[in-house]
Structure formats: structure tokens, C-alpha cells
1. Excluding B:Val268 itself, calculate the net charge of residues whose Cβ lies under 9 Å from the Cβ of B:Val268, where each Lys or Arg counts +1 and each Asp or Glu counts -1.
2. If you put +1 on each Lys and Arg Cβ and -1 on each Asp and Glu Cβ, how big is the dipole of region B:435-506 around its Cα centre, in Debye rounded to 20?
3. Cα atoms only, region A:71-132: Rg and Dmax in Å?
4. Explain nothing, just the number: relative contact order of region B:144-199, from Cα pairs under 8 Å at least 6 residues apart, as a whole percent.
5. If you count the DSSP beta bridges with both ends in region B:1-150, what percent of them are antiparallel, to the nearest 5?
6. Past the 26 Å Cα-Cα mark, which pairs from A:Lys403/A:Lys443; A:Lys33/B:Lys73; A:Lys361/A:Lys429; A:Lys20/B:Lys403; A:Lys443/B:Lys20; A:Lys14/B:Lys391?
7. What FRET efficiency comes out for A:Gln78 versus B:Val189 if R0 is 22 angstrom and r is the Cβ-Cβ distance? Round to the nearest 0.05.
8. Could you work out [θ]222 nm for the protein assembly as shown from helices alone, using -39500 (n - 2.57) per DSSP H run of at least four and dividing by all its residues? Round to the nearest 500 deg cm²/dmol.
Protein chains: 2
Amino acid sequence: MDPLVTRLPLDLEKPSPEDKRADKERVLAALKKAGLSVPADIGPEILRTLPGLLRDNDFSLTATVGYVRDRAKVVDLQGASSYGIAVDIGTTNIAASLFDMANTQKLDVMEYENPQIEIGPDVLTRVHSSMQGEGARLHRLLINGINALIHKLCNAHAIDCSDIHAAAIAGNTIMTHFLLALPVDNISVAPYTPVANRMDFAGPGEIGLDMNRSGVVYIFPNAGSYVGGDIISGILSSGLYLEEEPSFLIDVGTNAEIVLGCREWMIVGAGAAGPALEGGISEIGMRAIQGAIYSVEVNNPPVITSMGKGGFNVTCKVIGNGEPVGICGSGMIELVAELYRSDILNQQGRLNRHSHGVEEKDGARAFVLYESGRKKLAVRESDIDNFLRSKAAMFTSLFVIVKAVGLGFKDIQHIYVSGAFGTGINTDKAIRIGMMPDLERSKFIPAGNSSLKGAEMLLADRGLLQRIDRICDMITYREMNTDGVFMKEFPGALFIPHTNPEILGS
Amino acid sequence: MDPLVTRLPLDLEKPSPEDKRADKERVLAALKKAGLSVPADIGPEILRTLPGLLRDNDFSLTATVGYVRDRAKVVDLQGASSYGIAVDIGTTNIAASLFDMANTQKLDVMEYENPQIEIGPDVLTRVHSSMQGEGARLHRLLINGINALIHKLCNAHAIDCSDIHAAAIAGNTIMTHFLLALPVDNISVAPYTPVANRMDFAGPGEIGLDMNRSGVVYIFPNAGSYVGGDIISGILSSGLYLEEEPSFLIDVGTNAEIVLGCREWMIVGAGAAGPALEGGISEIGMRAIQGAIYSVEVNNPPVITSMGKGGFNVTCKVIGNGEPVGICGSGMIELVAELYRSDILNQQGRLNRHSHGVEEKDGARAFVLYESGRKKLAVRESDIDNFLRSKAAMFTSLFVIVKAVGLGFKDIQHIYVSGAFGTGINTDKAIRIGMMPDLERSKFIPAGNSSLKGAEMLLADRGLLQRIDRICDMITYREMNTDGVFMKEFPGALFIPHTNPEILGS
């Protein structure tokens, strides 16, 4: 594997009356001798320090070389180490991992809230704000966020950020535009055209990243306004593009995208699933962080939290094991599945007002999930409605896409489930409520943060650049929100599990 | 011919629900359709303005495209015109010409004194100063000089300097290092190694040039510490590298370099001829500018300036036709030739103290060239000595180089004479004093500022880049100052025309 930057120790021949080559040409010849097989450049900034470094080190030094397309460039001649960062820019959170490029080992991974949240929690608010002249601010906020993450990682490992020589960054199309300070005006209005899809390589200075100034920054390409670099990166890391049989990649973050394909073709559908799945809609909804209920069971003991109101117990698992403060997407799936199984929730998503735990106030019902002293967490029927719209959108999207290519769920080899939501998903329960197709459980593969993983893989293997290009070329996009079949199929999927349950395994 | 930048009018297909390509990819496709045959890039800075420009202009605009090696990049989408500058950085003067890149026509050429002169008139003083920590200042002074020239040219033609999209710059190795702010410490001490030879392309911002920020800057490569980009450029413009038979290129500026070669081989000798030829040594010596005597005849009328002291007249031609203020290199050649022919100067360079016009003061003789009122221009014997050392160095260099490759002067096809000095040279008189070999006059070809011309040619034809590489690869360098044959042959050449006049046509 050939990483995005490599370190090459060089033992140079010294200048002599018989060998008057310039320092630059001497280094280039030594790089070639050390195995560098592509043409290399050394920019003025590095050249300015070159003669002193060569002579101070008796013509023996280690060059850090970065690769940009089919050329190499010397990015550092001084640093004793070389690091790389992989970044996934989410709408809500930015995740980054730190790599030692000498052995391409991952040293750490951290998250940081996307500071653009101060402008708005969702992408559309930010796009609107950008169109009102706040584009530069949105760019700066995002860069500040990434830089804060870089400094957190560097501080934790006592690293100088000028020793970071490579960055691989993936994000959705809007985030990628904010990253490069590109206008987003046309992405949100028909026919939804981005400024650029292939972002390719950029200079750290062009963006404002706190890393080595001569370093290499690769930005994952978009395949369209609704198919961002995060999806491309996810396809890369999941290996979907290598599958012999059709498989799904489902990425549920603040938005949800679905990829169906294999090594020969790929179709992406997006624009339907809502934020309910990441915990963004219900009043007590939250992301899968400390204090979030991520698992719910309605049964007899073991009991952690007891309702004490009648013939059953509700067992909630909470991230961090402390007092719950809300419920995340996977918790919501489990709650709905369990309430439905226990007949507390009917097929239409109505709560049984005679059931224990169900409250009614001004005609609006809610299920009390947790109560202790003055603390009370209740999920309202309207929250459940919102959730069901998201689950219906998810299922319908999967259904429409699989039918669009003349296949059925039975033909699916693997379902990679990615995103914050995907990490903790209970497949059984997701199937039970009709959110996922009813397939063998072994076909479901949790993919973690597949976008970050793809960026990490690229840091370690620049040979993947060609595969990324191939993935982009293969992708076709299908708009869900305006799809006639989608509109027709959606209502049936609002039910639990479906008005026509047979469709789930069809 | 393919210029370094071209303008391509683009009529783009408009986005539609069926054609959702990103703006960047839309432009790249249109460029390809318009005939662009290499991969192209569009940097973030241009991308930021792209969506607005496309829509404000109904998807019809003209792209200015620059070429860097085997790739193209969009450098401008707004400018209604595109200009280029060719620059020759001389030690004493910077020359630049302005081109309209639309038709590659030369609009103007101007000169500006190299502001580094405030540090020292000669290269060695500046190198020394740079080694004392003044490198950044020398860089800034040079850039200020080039920028002043750019602004002069732009003002004269009412051009915005952001419409300059291409620059081709040639200079000797030291000047090229100052241009890029590279340290020169090792160029002046054995074994004389530059930081870099192949400077290649740079960004205007990396150097500090006042031109379009996304523009293309090409810097001519050096072939060594004593074979600079100015020589490479001169070889290119003279066409020496295309000659079937061996030919000379003689470039006499503040320093003198000699190239002997043809399309199969090339040898460069340098380090010998002195500044006397550019007017730098004699007390009244000056460059070939306003007020310089550039031609001298000792004869009867027509008389412009009369000595009035006896049986002969001295006719001086003065640049600008005003009162003379000094004598330039070509004037000095003519003066020495004429004084020698008139027996006022003998073979050893001694003035005849009995001759009219010769003064003696404290045992030092001088020839009074001009006298009017209180104004008196006299050339001292010591000035003539200095000049004869330069002429001897010039001839000996030519002789040593031609012998080194087993040839004689008779084998020489052409002698291209370049530099400020070369423009006005009187071949007959240069031969008469033994400075140039005694060959058919038709073989001598004035080459003007051959370095500037090469840069101009490259602006208009980037295909020459390959030839420049070939020239660099072909060149071998021969040090003159330490050459044994040179030392042996030099003394005889101090005489007028030579102790062994047969050698002149050998």
C-alpha cells in the first residue's frame, strides 16, 4: 500500500568539482534512487531551507513526500515525524482520526460539534444563511471546527500540527462547498447544481487548515448535490463497489442516503429519510451521546428503570449508564418496536390510552418512558408519528430503489448500515417495525462511520484514488422526494410494520 | 503555435433536470469541446466566482486557460483581455515586454534599472550582502523592480495588471535565485552549487508578482551556477540549438558568456570577460543609453565633434545625438580600433605621447575624446588596459572553447552576438582589434536581447518548453578562469590584435 505521504531517508552524494548538481536536482535524483517512481516537485518554500538543511545534516536527511495525482512533491525536510488526519464533516459533528504516516497506524479518533450549528442545526438553514451573505462565516466556522479537532488531537499526542502532512476529508456536498468557501446558492434550487463535484487536491492554505503549509489535502468528490463525498467514501470503505451481488449501503446521519449496487453498477437515492432517525424530531430526541436511551425493552426483570404503574416493566439502556436525558434514533426504533409488540401502540401508531404508562393531556397522548422525582421523559404520539414518517421513508426508499433496477429484497447480498444511527441498530427490531426488509440477519453488517473510514483508508493507500474515480463514474442518482412510485408506496409504509407485510421480504 | 495562455469562448449547455452536472464539470466539458486536449483544473478561487459568472452571463463566457507542464488550469473567467509579459532580469537592467495573448502580438518593451543596484552594482556584492542576511531585501528589491516595470507597461496601455495571466522570466542563476528568494550562499563558493536549476512553474503569489493571482509564471531553468536561464533563453531565441554546423552565441552583458554548439551538442564557457565591455570599468564608461558615445571614427570630415588639436578629426556618434557624457562598450571597441589604426595607440595598448589628443599627467596618459567648454571626456591608458583585458578574455574564451572541441574558427557557421553590447557592435572593428575571430562578416548575426527574446517566444509557444528541457540536457559547462589553456593563451590576446595575428582566422 502506498500512503498519501511517505518518508524517504536520503543519503545524498556531496557536491564536488566533478558533481556540481544543484541541491534540488541532487535531492530529486536521490528520491528517484530511493524508489520514487513519479516526477517530483519541490516548491520555493521548501527550496529556501534546502541548502542549509543539507549542509547542517551532512547531506543526509529524510524527505516527506506527498502525492498529488500522478506527481509527487516534497512537503517537508525537517520534521522528525509525519502525521495524517482523516476527517468526516457531518452536519452535526465533525469526526477526525489521527494517523502516524510512518506505519499508517491510527493513533486516535475524536469528535467535535460542527460550529455551524450556531447558525442553524440543519443544512437548509445554513444554506439559506449562506445565500444571505453569510457564506464566508459558515466557511470560517467549519474551518474553526476542523482546526479545533486538529489541535485536540495534536495536544493529546504532543504533536506539532506542522507535522501533519496529509488530510483526507469527506463530507456531503453542502459541507464540501462550505469547506472550500464555494457558494451553495444553486444546490438548493432546481435543478440543484453544485459548483463542483471533483474537488480533488487543494493546498492547506487555500482552505485555512492548521497543518503543514506544503501538505497534501484530498477532498472526496461528490457525485451530485445529493450524493456527497461522505457517500463516496462510505462506498469505498464498505466495499460495496466490490460486491459481486447487489448490496445496500444505508447511511443515516442527520440525513439518510441509500446506495444500491455492486461492482458493476450503483444507484443512489436520497432526500427522503428525515432527522427523526438521528433523534432530531421528537421533543426528547437526541443524538447517540451520553445520557441517550439507546435500547428499550418492555418485559419482566431484569429491571433498571421501573415504571411501577402496572403489569409490565420498561428497561432502558442509557449511554454512560447515568440518568437518561433523552432518546436517540436506535432507542426510538426499539421503543416503537417494543410498544407495538406489547399492544401499547397499534399498527397506525396510536397509543392505547387504557395502557399503563400512557398519559393523555388536552387530547394528546404520550408514553412515559422514565420518571424519577421531578424528571420525566415522555414520548408524544406526534413524536411517534414523525418517527414513523422517517421509517416509512427509509423503507420506501429501499423498496423503490430495489424495484427500479428490477430486483427484489431477496436478491440483496449485504446491507451495510452506517452512520451514528447504524452503529447501535437492533436489526431484529428495525425489521419488526418494517423499517428494514426482512432478510437473514447475517446479511446486515454494521459499517460504523463509513465516511470517516473511507478517508482513513485513503490516507494509507493513495492507490484508492483511482477507485474513487471509478465509483464516481458508476453512480446514478435517483431523486426520491419527487418519485411517483415513492409517493404511491409511502402511505402503506407508515403503518407498523406495513399495510402489506409481505412486501418486507419480497 | 500554442501560447502559454489561451482564451476559449465557451457556450455552455444550461443545467436542467436532465443535466445536473456541477458548474465546474460543465465548464471542463465545454473546454474539452472547445478543443482543450489536456486535463484541466479550476482552483477554489476561480470556483468561488464561477456560479455567479455563469448565470450572470447566461452560461456563455470566455475562459482564459494557462498551461503548466502537461495540464491546463483556468486562470480567469472575467477579464475581457489577456496579456503576458516576458522578462529578462539583468544585473543592471530589467527588460520586459508586454504581449496581447489573444494574438500574441508584442505591444511594448520597456526597461527599468534593477533596484538591487542600491546594494551594489555587481553580482558579487549582492551575493555577499545576501549572505550577510540581506537575502529577503534583495528579493524584495528585485520584485519591486519587476512590478514597477509591469505597472509602467500597464499604465502606458491602460491595462489592469490582473489581466496579465502569463509571465516568462529569464535571468542568470543568481538573479533567478533572488527572484524566488532562494539562498545564494553556495553559488559563490566551490564547488558552486545552486539551490535549484529547474525552476519550472511558480505561482505569482509565491514570488509576489503584481499580475493575475491565478496566472502562470514560467522561470527559465539554469544549467549550472554560471549558465543561467538567460543563456538558455538566448540559445532558444538565437536558434543555436537548431544549427547544423557549430556556431557561437556570445552574450555580453554585465558578464559575458559564450556558447558553442549546434543541434547535437553545446558547450558553455563563462567567468572570464569583464564588465569593461558593457562600459563598467573605464572612468567615463557607461551603458549604451542616452549620452553614450557608441561609435568613434578618426578621420577627416564629416565632423560632429572636432578635436581641433592637429591633423585629424575624431567623429563620435552619441546616443540621442546630444552632448556626450561617456562611452559605452561598442564605442570603446571603435575607439581602440581607430586609435590603433591611426598609430595613436600601439600594439601593447600604449598611447603615443607625441600624438595630438594625448595628454600626460603625473606620468599617466589619456586620450581626450571630447572637449567643449568645461566638459572634457578623456580615456586613460589604464582604462584601455582594462578594456584590453576584457577583449583578450573574450577572444581567448572563444579560442579555447573552439579548440577544446577539436575545431577551428573556420568551422564556425554563425556567430550570434547578443546583449546590450551586441546590439551596436561594429564587427569590422571588433575583428580589427582581435576581439572577434576574423571570419566572413555575413557570419556575424546581431541577436539583440536574446534572453528577453527567448522569453517572448515562450509566451507565444509553450511547445518550446520541451526544447528548453532538451537544451538544458545538452549543455556542458567549461570553467574559463581556471582553464590551463586559457591562462596560456590569454597574454598573447592582450595585444592588438594579437601577438600571433594568424590565430584570429585559424
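What follows draws every value from the coordinates through simple rules; no lab data is involved. Everything numeric in this text was worked out from a predicted model, so none of it was measured. Methodologically, a virtual Cβ is constructed for each residue, glycine included, from the backbone with ideal geometry; neighbour enumeration extends over all protein chains shown.
1. Values: positive: B:Arg478; negative: B:Glu257.
Local charge sum for B:Val268: 0.
2. 200
3. Final numbers for Rg and Dmax: 16.8, 46 Å.
4. Working: 23 pairs, mean separation 10.2, N = 56.
Dividing the mean separation by the residue count of region B:144-199 yields 18 percent.
5. On the way: 28 of 30 bridges.
The answer is about 95 percent antiparallel.
6. Values: A:Lys403/A:Lys443 19 Å; A:Lys33/B:Lys73 31 Å; A:Lys361/A:Lys429 29 Å; A:Lys20/B:Lys403 24 Å; A:Lys443/B:Lys20 34 Å; A:Lys14/B:Lys391 37 Å.
Too far apart for the 26 Å limit: A:Lys33/B:Lys73; A:Lys361/A:Lys429; A:Lys443/B:Lys20; A:Lys14/B:Lys391.
7. Values: r = 24 Å, r/R0 = 1.08.
The calculated FRET efficiency here is 0.40.
8. Numbers: 28 runs with 308 residues, N = 1012.
Taken over the protein assembly as shown, the calculation gives -9000 deg cm²/dmol.
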